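The values are calculated or read from the model by the stated rules, or taken from the named source; none is laboratory data. This structure is a prediction, so every number in the text was calculated from the model and none was measured. Neighbour counts are summed over all protein chains in view; Cβ atoms, including those assigned to glycine, are modelled from backbone coordinates with ideal geometry. Only protein heavy atoms, including side chains, enter the accessible area calculation; ligands, DNA and RNA are left aside. Shrake-Rupley method; radii C 1.70, N 1.55, O 1.52, S 1.80 Å.
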Amino acid sequence: MPVDLNGYWKMISNENFEEYLKALDVNVAIRKIATLLKPDKDIVHDGDHVIIKTLSTFKNYNMDFYMGKEFEEDLCGVDDRKCMTTVSWEGDKLVCVQKGEIEGRGWTHWVEGDELHLEMRAKGIVCKQVFKKT
């Protein structure tokens with residue numbers, strides 16, 4: 001049974017984020033701003049339908065998807081690319097594969113206690129973020 005991701009989550013740590021943004025070819029000005037932010041996550045998880053809102057004072061990003069169904073993701077506001085994305089459960093982990101210009105791109109979410117973990121990957125670079133449920 002998949003874990004319950006529902007809730008509002010506040011960032012408490014962010015490791016290797018600038019290197020991850022470099023792997024996405026995000027320009028230096030946006031990287032500098034982005035590394036100063038501590039975005040929140042607002043997640044609504046209802047069966048196979050999931051909405052993940054990443055909220056910050058600079059930009060917000062909404063991801064709305066159904067488990068196991070590939071869709072075209074518009075990463076406007078992230079690195080301004082489009083990719084074909086599939087999100088599915090692997091045990092208790094929510095795993096995303098993003099096929100497009102960037103090799104090895106994707107992310108994994110999982111919960112440990114009252115913490116939401118996010119590992120983002122691109123071109124062999126890994127960024128680890130942790131959020132606390134409020």
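Output the residues belonging to region 39-63 that are at pLDDT 95 or above and over 12 Å from the mean Cα position of the chain (by Cα).
Val44, His49, Val50
Within region 47-85, can you find the residues that are within 23 Å of Tyr8 (Cβ to Cβ), without any contact (Cβ under 8 Å) to a residue 24 or more places away in the chain and out of contact with any strand residue (DSSP E or B) (no Cβ under 8 Å at 6 or more places or on another chain)?
Gly47, Thr57, Lys59
Working only within region 91-114, note down all residues that are part of a loop (DSSP other than H, G, I, E, B) and either closer than 16 Å to Asp74 by Cβ or without any contact (Cβ under 8 Å) to a residue 40 or more places away in the chain (or both).
Result: Gly91, Gly100, Glu101, Ile102, Glu103, Gly104, Arg105, Gly113, Asp114.
Just to verify a result, which residue in region 45-90, among those that are among the polar types (S, T, N, Q) and part of a loop (DSSP other than H, G, I, E, B), is most open to solvent (accessible area, probe 1.4 Å)?
Checking each candidate, the answer is Thr57.
Tell me which residues, restricted to region 95-134, are of a type in the set (A, V, I, L, M) and at pLDDT 95 or above.
Val95, Val97, Val111, Leu116, Leu118, Met120, Ala122, Ile125, Val126, Val130
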